[in-house]
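The values are calculated or read from the model by the stated rules, or taken from the named source; none is laboratory data. Here the structure is a predicted model, which means the values were calculated and not measured. Ideal geometry is used to build each Cβ from the backbone, glycine not excepted, and the neighbour counts take in all protein chains shown.
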Amino acid sequence: MNWPRALLTDSGGFQMVSLLHLADITEKGVTFQSPVDGKPMLLTPEESIQIQNRIGADIIMALDDVVKTTITGPRIEEAMYHTLRWIDRCIAAHERPHEQNLFGIVQGGLDPVLRDICVRGLVDRNLPGYAIGGLAGGESKDSFWRVVAQCTAALPEDKPRYVMGVGYPLDIVVCSALGADMYDCVYPTRTARFGTALVPEGVLKLKHNAMADDTRPIDPTCACMVCRTYSRAYIHCLVTKDAMGSQLLSYHNLYYMMKLSRDLHTSIIEGRFPEFVCNFLRIMFPKGDVPEWVCNAMEVAGIDISSCCSPFSSSQD
Amino acid sequence: MKFAVKAWSNGSARAGVVQLGNFPHPIETPCLLLSTRKGLPFFISPDLLPSLPSPDSHLLQVCPLHFLEGLSPKTISNSGGLHQMLGLHDYGFAAVTRDSIQCLPEYNSTNKVGASFETPCGRLLIKPVEYMELISSMRPNIWATLADEVPTWVSDKRNRTSVDRTVRWLDDCIALSPAGGAVFGAIVGGSNVEERRRCAQEVAKRNVSGYWIGGFGLGESRDERPALLNTITDILPEEKPRLICGLGLPEEVLQGVASGIDLFDSVYIYHLTLGGFALTFPLNGVDENESDFQLSDNGSDRTKINLRATVYRKDASPIVEGCCCYTCQNHTKAYINHLLNVHEMLAQTLIEIHNTHHYLGFFRAIREAIKTGNFEQFHRQFIEGRRNCVAVAAMHA
C-alpha cells in the first residue's frame, strides 16, 4: 500500500454478523460459505491472528463472537463466553506481540451482567487496548450509550478504548465524553457516495434541487480543499453521477471527521471540553431540541449542557 | 489564445506553440487535450493534477452538454465561468461537443433547427442559440462551433446536408460569439473527399482562430484516413491551429500529425482506464527487448498490459520501470491488481494518472522527432515496431 502511517486490521468477525445466514458458529470458530465459490471456510481465532500477523498492522483485533444487539436469549451469553475463551487462543497464536498490539473486544449484547463478566475477563489478560463491540447495530440510542458508559467505567484508565462501528459525529462526541478514545465507521465515505456532506449543522444533501444554483461552499467554516475551491452547485451536478463527486465529497467528509477529532482532543487538553460540547450541540440543535439520550449521557459523563437545551416541551403533558 | 508554427518535418507535420491568456508558459504542439467530465478529469483528483507533466497537461477538453445534467448557464455565469468555478485558473479549456462517451450525436434526430445528442438526461436537441448561451457562460479559452457530425455510412445526401448545416451553424455561432475565447470552425464531410474539400473551403473563408475537425473515428478505414485528412489540411491556412476528435490510438495520432493536425483528444485513455489497461509501449518507438520478445501468458502485446490479469497478483514492480508518474513512483502492479479485484476506485485514479503521463510522453517524443526533422522516420519505425509485435504474437498463437 505504500502507507507510511498507522494501520489497524479487524479480525473478520464482523463479517459473521453480516453473512450470518451462511454462518455456523462453534467452539472451534466460524464456518461460513465462501461468497466467492461456495466452498466452506473455517475462520478460527488462530487463523485470524495468523492472517493479521502477515498483514502486519500496528493494531490487530481478536476474533470475537459478535451477535446483533436486537437478538435476545442464550445466544448472547454463549457468544460472550466464546469471546473470552477465544481471546486466550488469540493471545497464544499471536507471533508478533512486540510489533503488533492485540486488542480484546468486549461483547455481551445489552446485558450489563454479561458485559461486566466480559470486561473483567479481558482486563485480566492485560491487553494493550480494549474495544467495545457489538454496538452500532439496530439498538436504541438509549441502550447504546449505557453500554458504552458501563464499559468505559470498568476498563483501565491507561489503555485505549475503541468503540467499533461508531459513527455519527454526535455519537462520537457523546462517547468521547464518556471516556472512549478510538472509533471507526464507514459512514463519512458511504454518505458521501450518496451525495450527503457532513456540516456543523448536521448534514447537507447535495442532491437536492435547491443546491443547483447555490454558489456558496459546502461549509463556509471548513478549510478543506473542496470547500475552498468548489461551490454546492458544482458538487450538486457531480454527485451520484460522476466518480469525481464521490471523491470530492468523501474528501470533505473525512476532513470534517478528522477536524472534529482534533477539536475534541484540543478542547480536552485546553480544559474547555464542556464549552466545546455545548457549542457543538448549539449549532446542531439551534432550537435547543437536544435528544434526551444525549442529555442523559452527558449527565452521567458529568458534562453540563443545560445552556444548549431548551426546557422540555409540553409534549410531556 | 495565440498560436504559431515553429518547425516543420517531412511535409505536413509541424511543431508549434499555443499561448493562453491565463497561463504564462507556452504549450507545445502537437499536443494532447485531457478528457474531462464537467471540467474535471474522470478519476484524477484535483490535488494530483499538478503531478502530471507541466505545461503539457494544462489543456483540458470539456463538453458543454455535460452541464445540462444539472448546472444552468446562469449558475455557471454566476460562478464566474469554468476557470473560476473549478479553481483551475492556470489551465486552458477547449469546449467541444464531441465526448464519445456519454453525449453521442444522434444524427437521425438532428434537423435544420439543431443538433441532436443522446445524453444521460435523454435525447436533447441543441440549437445554436442554446449552444452559444452555454459557451458564453463557460468562457472557455477555445470553443468549437456546433456541428452536424455524421458517421461515414450515411447516404451522400445526408452527408451533404451535414456540411450545409455545419457551415450555416458556424455563421450562427460566430454571430453570437462572446467577447473572449478563440472560435474554432467545425469541419465535417464524412469519408467523401469532395465534401471534405467543400466544407474546408467554406470554413477557411470565415474569420475563425482555428479549426475543429469532426467526423473522424466514425467509420472511416485507416487506409482512407490520410487522404481525407490531407484534403482538409491542404486547404486550411497553415498559421491557424487544427484540433481533431476521434483519433485515439498511437497509430491514428501519428496519421493526424503527419497530415498537420496540432491538437488531439484523449478519450482513448478513458477507455483504457475503464478496462484496467495500462500503457507500456516504448516511447521512442524502439523496443530494446525486441530480439528476445516472448509472448507472455497474459497475452500482452508490448503496447499495454491488463492489470486485472492474475499474472500480476504478486508483481511488486511498477507498471513501467523508470516512469516518473505518481503511480509508478508509489505503487506496484500487484497493488493495482488487488484494487481492481476489490472494486476500489483508487485503481482507476492510479491507472488514469499513469496512462495520461505515458501518452503525454508519447506526444513529447513526437514533438522531438518533428523538431529534429525526423518525424517520417519516427512514424515508420513506430508502425514497424507495432507490426513486429503483432506478427510475433500471431506466430505464437
Scan of the stretch B:53-73 for residues that are more than 11 Å from chain A (Cβ to nearest Cβ) and either of a type in the set (Gly, Ala, Ser) or in contact with a strand residue (DSSP E or B) (Cβ under 8 Å, 6 or more places away or on another chain) (or both), ordered by number: B:54, B:55, B:56, B:57, B:58, B:59, B:60, B:61, B:62, B:63, B:64, B:65
Whichever residue in the stretch A:69-105 is among the β-branched types (Val, Ile, Thr) and out of contact with any Gly (no Cβ under 6 Å at 6 or more places or on another chain) and, among such residues, is nearest to residue A:129 (Cα to Cα): A:91
Scan of the stretch B:325-368 for residues that are in a helix (DSSP H, G or I), of a type in the set (A, V, I, L, M) and under 24 Å from residue B:267 (Cβ atoms), ordered by number: B:336, B:339, B:340, B:346, B:347, B:350, B:351, B:353, B:360, B:365, B:366
For residue B:76, are the conditions met, namely being within 12 Å of another protein chain (Cβ to nearest Cβ), of a type outside the set (S, T, N, Q) and assigned to a loop (DSSP other than H, G, I, E, B)? no
Is the stretch B:27-46 home to any residue that is more than 10 Å from every other protein chain (Cβ to nearest Cβ) and touching a Pro at 6+ places or on another chain (Cβ under 6 Å)? yes
Out of the residues in the stretch B:90-124 that are in a loop (DSSP other than H, G, I, E, B) and within 14 Å of chain A (Cβ to nearest Cβ), state the one that is modelled with the highest pLDDT. B:91
Determine which member of the set A:239, A:290, A:277, A:294 is surrounded by 16 or more Cβ atoms within 10 Å (Cβ to Cβ), out of contact with any His (no Cβ under 9 Å at 6 or more places or on another chain) and modelled with pLDDT under 95. A:239
Listed residues A:66, A:36; which is farther than 21 Å from residue A:128 by Cα and either modelled with pLDDT under 80 or β-branched (Val, Ile, Thr) (or both)? A:36
Can you name every residue in the stretch B:140-153 that is under 19 Å from residue B:113 (Cβ atoms) and either surrounded by fewer than 24 Cβ atoms within 10 Å (Cβ to Cβ) or not hydroxyl-bearing (Ser, Thr, Tyr) (or both)? B:146, B:147, B:148, B:149, B:150
